[in-house]
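The values are calculated or read from the model by the stated rules, or taken from the named source; none is laboratory data. Predicted model only: the values in this text are computed from it and were never measured. Counting neighbours? That spans all protein chains shown, and the Cβs are built from the backbone with ideal geometry, glycine included. SASA here: full protein model, heavy atoms, side chains in, ligands and nucleic acids out. Shrake-Rupley method; radii C 1.70, N 1.55, O 1.52, S 1.80 Å.
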Amino acid sequence: MRPPKDFFRPLAVGAPEPLREIPARPSRAIHFFDPSNEKMAAKVPQLAGTVDVLLGNLEDGVRADRKEAARAGLVRIARETEGLGGPDAGSQLWVRVNALDSPWVLDDLTTLVSEIGDRLDVVMVPKVQGAEDIAYVDRLLAQLEARAGLTRPLLVHAILETARGVAGVEEICAASPRMQGLSLGPADLAADRRMKTTRVGGGHPGYVVRRDPRKTSDGVDVEGERPTYQQDLWHYTISRMVDACVAYGVYPYYGPFGDIADVVACEDQFRNAYLLGCVGAWSLHPVQIEIAQRVFSPSVEDIAHARRVVAAMSRHSGDGTGAVLLEGKMEDDASLKQCLVLVELAEQLAARDPELRKAYDAIAGAEDAR
């Protein structure tokens, strides 16, 4: 662990200064595409500017004999696509490189930073085991940035896919000022934990709680069916990930939901993650983009209520202290803090999404007319 005085110093001579705060850029949907797949690659220009994040995937899902083609394809797409990548682009450009123990990752990093480092925003690192993995990538990126003459540091996003990674999640978050966020990788994590599920995210029909038996006054069981309620296998892991991310100023994300056809369960899983504190999720198919961008945006009803609480608390004390009775509910400074989280997120998203801005402005006008 570097001492605090050295934490924000570049790790290579000539590398850009590390960021002291990760930019709050909308990333509700991280849409994956295979740059070696011509059909997928052809859709990228149409998606640029409409999706918060477009991610070129070089790792799982790309065959070994297509790894080099995927890398070259991503370089070509980044160079040719308007509005993709960089601080002012309509869509961020991310890449998921190959695992650090693979024979391809070194070429992934050296090629991408040298060829399109000025367009690339975030490097997603799979199967992160601990802080040492982030330290390796951190130093290597600094050297490559210096060689390429980059003035903006690339950020790093880690995927939690192993039990060891979850056990050391706080150390991973604290490993580098490049740390942009963490994503849950449920499939690999399930295998590493030896969980008995083959699903990619979501619940499981066998993971349930059962209603207690009903008894008569003398303690005799009443015959009849006892309903069960399916539970979320990932609740604990997401919650722990969110706590670690918030503690170290990085962003938590839900990862993939593998059942593309089940859009209802996908929306439920994304909403659970949103309510627990995640800021976005992966999209594996275009149908999931709309779900993620809608679910991870506060509803107009929530924003209307949050604004009413902020206004009422301001009128009450002027400094947000004390308590007020609003619509039959007690609201105090803790309520105000919750509401300010929603209002701040709405403002960030509205600056990026014209339709959301129109919806939020409309509800604000209605509130002013009351």
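Note on region 142-272: antiparallel DSSP beta bridges, both residues inside, total approximately 35 percent of the bridges counted.
If each DSSP helix of 4+ residues adds -39,500 (n - 2.57) and the sum is divided by the residues in the chain, what number results at 222 nm, nearest 500 deg cm²/dmol? Intermediate results must be reported in sequence, preceding the final value.
Details: 13 runs with 164 residues, N = 370.
Helix contribution divided over all residues of the chain: -14000 deg cm²/dmol.
Here the Karplus curve 6.51 cos²θ - 1.76 cosθ + 1.60, taken at θ = phi - 60°, turns the phi angles of region 331-345 into couplings of 10, 9, 5, 5, 4, 4, 4, 4, 5, 5, 4, 5, 5, 5, 4 Hz, with x standing for Gly and Pro.
As an exercise, identify the GluC sites (Glu not before Pro) in region 164-238 lying in DSSP coil whose Cβ has no more than 13 other Cβ atoms within 10 Å.
Listed in order of number, the matching sites are 223, 225.
Amide H to amide H distances under 5 Å link residue 127 with 159, 161, where only residues 5 or more positions off or on other chains count and H is placed in the peptide plane. Excluding ligands, DNA and RNA, the accessible surface per residue across the chain is 50 Å² with a 1.4 Å probe. The calculated FRET efficiency for the pair residue 136 and residue 60, based on their C-beta separation and a Förster distance of 25 Å, comes to about 0.80.
Surface composition of the chain: carbon and sulfur atoms hold 53% of the protein heavy-atom accessible area at a 1.4 Å probe. In percent, rounded to a whole number, the relative contact order of region 249-320 is 29, using alpha-carbon pairs under 8 Å and six or more apart.
Can you put 110, 228 in order of accessible area, largest first, using a 1.4 Å probe? Present the calculation step by step, with values, prior to reporting the outcome.
Details: 110 35, 228 65 Å².
Descending order: 228, 110.
Each residue of region 204-215 was assigned a 3J(HN,Hα) from its phi angle through the Karplus curve 6.51 cos²θ - 1.76 cosθ + 1.60 (θ = phi - 60°); the sequence is 8, x, x, 9, 9, 10, 10, 4, 4, x, 8, 10 Hz, with glycine and proline shown as x.
Please go through region 139-195 and write out the trypsin sites (Lys or Arg not before Pro) that DSSP classes as loop and that have at most 12 other C-beta atoms within 10 Å.
Numbers: sites: 139, 147, 164, 178, 193, 194; in loops: 178, 194.
Answer in residue order: 194.
Can you tell which of 160, 110, 195 lies farthest toward the positive end of the dipole of region 69-197, using +1 and -1 charges on the Cβ of basic and acidic side chains (Lys, Arg; Asp, Glu)? Sorting the options by dipole projection puts first 195. Gain on full extension, evaluated as 0.36 nm per residue between residue 69 and residue 235 minus their Cα-Cα distance, stands at 56.0 nm. Straight-line cross-link partners of residue 337 among the lysines, defined as a Cα under 24 Å from its Cα and at least 8 positions apart when in the same chain: 329. FRET efficiency for the residue 170 to residue 222 pair, using the beta carbon distance and R₀ = 56 Å, is estimated at 0.70.
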